[in-house]
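Worksheet for the structure shown next.
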Amino acid sequence: MSNGILKGKRGIIFGALDEQSLAWKVAEHCHSEGATFTLTNAPVAMRFGSLQKLGEKIGCEVIPADATSMEDLDNLIDQSMTALGGKIDFILHSIGMSVNVRKKKEYTDLKHEWMMKTFDVSAISFHKLMQVAYNKDCMNDYGSILGLTYIAAQRVFPDYSEMAESKALLESFARSFGYHFGVKNKVRVNTISQSPTMTTAGSGVKGFDTFFDYSDKMSPLGNASADSCAKYCVTLFSDYTRMVTMQNLYHDGGFSNMGMNPTLLNTETNME
């Protein structure tokens, strides 16, 4: 059921690849809540996904852009403001990629040139995006910028590899740029630390199924779904959260505050 809480708002959504993507779900919910926005992804990703299909479904213009390219980002924002008829109210950064993870390189034997590519795509692109948006003064007052992250930025999950450092960097960029955007025109910048989610990207991490089950049992509310994450993003794009900024917001069913869930312990071992 739609409440129209984004009616009249304009945005840009990065990272929708296919129907499993968090950004795909966010786009669907933003559309149902009355927002208008453009969709974007890297040209190479668009060849393997179905972003055009989503654009046609909800009537959004699709603009290819490499988020690591300042020129592409500059063109994307200009084209988006033209297509939407004005300044931007919200932006979602839902981008992550690690060649080392794809190639199943162990953390103790990473290729550092691949690591730098990971940082550029998964984290530095967030700073590049905000820098272009800031310098072009394209955001409306009390706009909202979100990046999606994961608790591996704070805790060790060995198979998440260098993506953990990428997420830590992403969160730091949100805090630092959140100050500058707030002073300039009250724009909010936050990150959402989402539960492990069955996305195309997530399923590429070694042992993901096992960890997904562990997290689901550890969390009092269970894992947060992609659909519920999208709804949370909508609230952070809305006027109801105008004073929330520079925060890393956990959307994980309580996992981030758990030490141990007794249901995961063997009952017989407990009794001994």
Whole-Å distance, taken between Cα centres, linking region 231-259 and region 64-112: 22 Å
In Å, what Rg and Dmax follow from the Cα atoms of region 44-107? 14.9, 48
How much of the calculated P(r) for region 64-173 lies past 22 Å, in percent of all Cα pairs? 37 percent
For region 10-271, alpha-carbon Rg over 2.2 N^0.38 Å: 1.00
Amide proton proximity set for L249, modelled H, under 5 Å, gap of 5+: T191, I192, S193
Give me, ordered by chain and number, the residues 5 or more places off D66 or on other chains with an amide H under 5 Å from its own placed amide H. none
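Between K111 and S50, what is 0.36 nm times their sequence separation minus the Cα-Cα distance? Round to one decimal in nm. Write out the running numbers ahead of the final one.
Working: separation 61, 0.36 × 61 = 21.96 nm, distance 3.06 nm.
18.9 nm is the gain from fully extending K111 to S50.
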To the nearest 500 deg cm²/dmol, what mean residue ellipticity at 222 nm is calculated for the chain from DSSP H runs of n ≥ 4 alone, each contributing -39,500 (n - 2.57), summed and divided by the residues? -12500 deg cm²/dmol
Enumerate the aspartates and glutamates that K25 could reach by cross-link, defined here as Cα to Cα under 12 Å, with residues fewer than 8 away along the same chain left out. D227
Around K25, with a cut-off of 15 angstrom between Cβ atoms, what is the net charge of the other residues, counting Lys and Arg +1 and Asp and Glu -1? -2
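Here are some pairs, K7/K136; K53/K231; K87/K136; which of them have Cα atoms lying more than 19 Å apart in this structure? Present the calculation step by step, with values, prior to reporting the outcome.
Details: K7/K136 24 Å; K53/K231 21 Å; K87/K136 10 Å.
Beyond 19 Å: K7/K136; K53/K231.
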Given H placed 1.01 Å from N in the peptide plane, which residues other than close sequence neighbours of I12 have an amide H under 5 Å from its amide H? T38, F90, I91, L92
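Please tell me the relative contact order of the chain in percent, rounded to the nearest whole number, where contacts are Cα pairs under 8 Å and at least six residues apart.
19 percent
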The answer for the chain, counting only DSSP H helices whose Cα atoms cover 18 angstrom or more along the axis and whose Kyte-Doolittle average is -0.5 or greater, is 70-84, 163-185
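Bear in mind these aren't lab numbers, they're just calculated from the coordinates by the rules spelled out. Note that the coordinates shown come from a computational prediction; the quantities given were computed from them, not determined experimentally. Neighbour counts run over all protein chains shown; Cβ positions are idealised from the backbone, glycine included.
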